[in-house]
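The values are calculated or read from the model by the stated rules, or taken from the named source; none is laboratory data. From a predicted model like this one, the values you see are computed outputs, not experimental measurements. Every residue, glycine among them, receives a Cβ derived from its backbone with ideal geometry; neighbour counts consider all protein chains shown. When the accessible area is computed, the model is the full protein with side chains, heavy atoms only, and any ligands, DNA or RNA have been set aside. Shrake-Rupley method; radii C 1.70, N 1.55, O 1.52, S 1.80 Å.
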Amino acid sequence: MSTSQPFYLSFGSCFQQDKMEMSTAGPGMLSHQQRSMKRRRWGGLRQQWKLLGLFEIDQQHEFYSLTCMMKEGLAAAIQSTIDDPPANELTDEDFRLEVTQIHKDFTMETFAGPVFATLRGSLGMTEQEYQQSLCSENCYLQFISNSKSKADFFLTNDKRFFLKTQNKREIKFLLGNLKIYMEHLRKYPHSLVVKFLGVHRIQIPQRRKKFFIVMQSVFYPDDRINARYDIKGCEVSRWTEPAPEGSHIIVVLKDLNFEGQFITLDQQRSWLLRQVEIDTHFLRQLNVLDYSLLLAHQPLHHDERHQGLSFATLIVRAKKSVNPGSSPIHMNAATVPGAVVDEDPALSLSETDSGLKTPHSQAASRSSSPRTCAKDAGPASAEAELQDFQAQNRRLLPNLKNPLHIIDGPEQRYFVGIIDIFTVYSFKKRLEHLWKRLRHPGRSFSTVSPQTYCLRLCQWVQDHTK
């Protein structure tokens with residue numbers, strides 16, 4: 001049985017195949033064949049369960065040939081960066097650079113290679129480490145989600161990086177705004193916006209060119225994650241039927257599935273509220289909507305909940321927290337693992353300044369609220385930018401390989417990231433907005449102006465955190 005088929009299909013197809021083989025077998029062979037088929041069927045099921053709903057792209061898989069070419073092309077592209085590292089200062093030419101490498105059965109183009117190599121380095125990732133994960137002998141995994149996207153999703157075998165096919169318009173949008181994106185990450189190195197690590201195009205003879213991007217997985221490491229959510233801050237089409245009890249198929253749940261729950265962070269809540277506001281304001285400036293706040297959680301182990309903060313641990317985590325070239329960390333800024341220091345009173349805004357609604361029952365227990373994403377919002381001066389920088393970039397990051405997207409609360413570890421940032425509020429989207437207003441009167445839906453989308457997602461995070 002091929003492990004590339006979904007669990008609920010592979011069991012049935014195996015069963016049908018078993019029946020056909022049994023019907024043609026002689027009586028003397030029946031007992032042996034039954035045992036053999038049973039071993040084969042359950043062996044395959046064990047492999048499916050081991051992968052937790054991700055499907056290995058083995059030699060029988062339709063994407064096996066493609067992913068092998070992707071690996072080969074990526075290995076050569078990354079090796080070029082290893083052999084010729086980017087300069088300390090990026091130039092305009094680096095952002096426009098296109099490098100084509102010819103292979104036996106395909107060609108691979110790499111866009112803005114030095115820019116993405118610089119970003120990878122700023123995340124504390126070596127090129128050798130990146131190459132090993134993307135180009136190892138182990139098969140990629142295919143992720144089949146309940147998303148409406150027509151893109152193909154692949155995951156490295158260690159589940160650290162996502163590869164996703166994109167259309168030409170989306171790639172053009174990303175590359176056209178790459179400078180702005182990099183500047184945002186420079187200002188806010190702890191940003192929750194997804195980290196794009198490479199943009200490529202593969203051309204196979206007699207086939208259409210295929211663009212794909214490499215991204216850091218928000219849900220890494222995922223060994224103990226027990227629930228995943230895709231949040232847009234609205235209600236229409238935002239419910240997904242959960243997987244049956246005991247099922248090993250991964251289902252990404254949505255807004256309405258999360259109702260009645262909270263992201264419990266305590267001391268880090270104010271940091272999260274402000275960072276979501278900063279990131280969504282940035283996306284509003286790009287005139288985009290329909291992005292998602294990815295959210296997952298897992299229980300903390302006893303030793304993770306009660307770990308002490310030794311000087312050695314503080315040094316390790318402080319190094320992770322300070323981006324190369326940033327202002328130095330204040331060593332007295334945090335005394336609790338992951339804690340955010342109370343901001344200077346001058347930095348705090350009242351509930352009425354925020355422009356967001358806060359239920360009276362929550363106002364007393366919540367110390368801060370996001371500021372508005374209004375059209376004239378955002379840092380008004382160099383001093384305001386410096387205050388934001390100081391407030392947002394002093395969170396002690398966990399000593400993990402994906403620290404920027406992990407926030408520990410008192411009892412739970414949360415994985416948080418903002419993805420799918422390519423939908424521009426075009427004329428077509430404006431028409432879709434009008435149509436949905438007629439179809440769903442009085443209900444909230446995803447196709448709204450970037451300004452409304454920004455405010456609404458900030459409000460959702462405020463209402464669902466404590």
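Contact map, the stretch 201-223: residues that are within 18 Å of L174 (Cβ to Cβ) paired with residues that are acidic (D, E) and surrounded by fewer than 21 Cβ atoms within 10 Å (Cβ to Cβ), Cβ distance under 7 Å, separation 6+ or inter-chain. Pairs shown: R201/E109. Looking across the stretch 265-288, the residues that are open to solvent by 40 Å² or more (accessible area, probe 1.4 Å) and farther than 27 Å from K436 by Cα come down to D266, Q267. The criterion of at least 1 residues that are more than 30 Å from W460 (Cα to Cα) and open to solvent by less than 70 Å² (accessible area, probe 1.4 Å) is met, among strands (runs of 3 or more DSSP E) falling completely within the stretch 194-245, by 196-203, 210-216. Summed over the stretch 246-264, the residues that are polar (S, T, N, Q) and outside any loop (DSSP other than H, G, I, E, B) give a count of 1. Can we say C139 is touching a residue at least 24 places away in the same chain (Cβ under 8 Å), hydrophobic (A, V, I, L, M, F, W, C) and over 17 Å from I213 (Cα atoms)? When the stated conditions are applied, C139 passes them. Do we have any residue at all in the stretch 88-111 that's under 30 Å from I225 (Cβ atoms), at pLDDT 95 or above, under 27 Å from the mean Cα position of the chain (by Cα) and aliphatic (A, V, I, L, M)? No, every residue in the stretch 88-111 fails to be under 30 Å from I225 (Cβ atoms), at pLDDT 95 or above, under 27 Å from the mean Cα position of the chain (by Cα) and aliphatic (A, V, I, L, M).
Right, Q462: at pLDDT 95 or above and touching a Pro at 6+ places or on another chain (Cβ under 9 Å) or not? Taking the combined requirement at face value, the residue satisfies it. The numbered conditions (1) over 17 Å from the mean Cα position of the chain (by Cα); (2) surrounded by 15 or more Cβ atoms within 10 Å (Cβ to Cβ); (3) acidic (D, E) are all true for D152 except (1). Among the conditions (1) within 24 Å of R169 (Cα to Cα); (2) more than 24 Å from the chain's Cα centre (by Cα), G442 misses just one, which is (1). Within the stretch 253-263, the presence of a residue that is more than 27 Å from R456 (Cβ to Cβ) and open to solvent by 60 Å² or more (accessible area, probe 1.4 Å) is excluded. Looking across the stretch 265-302, just one residue is on the phi > 0 side of the Ramachandran plot and part of a helix (DSSP H, G or I), and that is D266.
Could you check how many residues of the stretch 159-178 are aliphatic (A, V, I, L, M) and out of contact with any strand residue (DSSP E or B) (no Cβ under 8 Å at 6 or more places or on another chain)? Write out each step before concluding.
Within the stretch 159-178, the subset aliphatic (A, V, I, L, M) is 163, 171, 174-175, 178.
Next, only the ones that are out of contact with any strand residue (DSSP E or B) (no Cβ under 8 Å at 6 or more places or on another chain) stay: 178.
Final tally of qualifying residues: 1.
Evaluated against (1) within 21 Å of W271 (Cα to Cα); (2) surrounded by fewer than 20 Cβ atoms within 10 Å (Cβ to Cβ), K168 falls short on exactly one condition, (1). Answer yes or no: is there a residue in the stretch 251-259 that is free of Cβ contacts under 8 Å to residues at least 12 places away in the same chain and under 29 Å from F422 (Cβ atoms). Yes, there is a match, as at least one residue in the stretch 251-259 is free of Cβ contacts under 8 Å to residues at least 12 places away in the same chain and under 29 Å from F422 (Cβ atoms).
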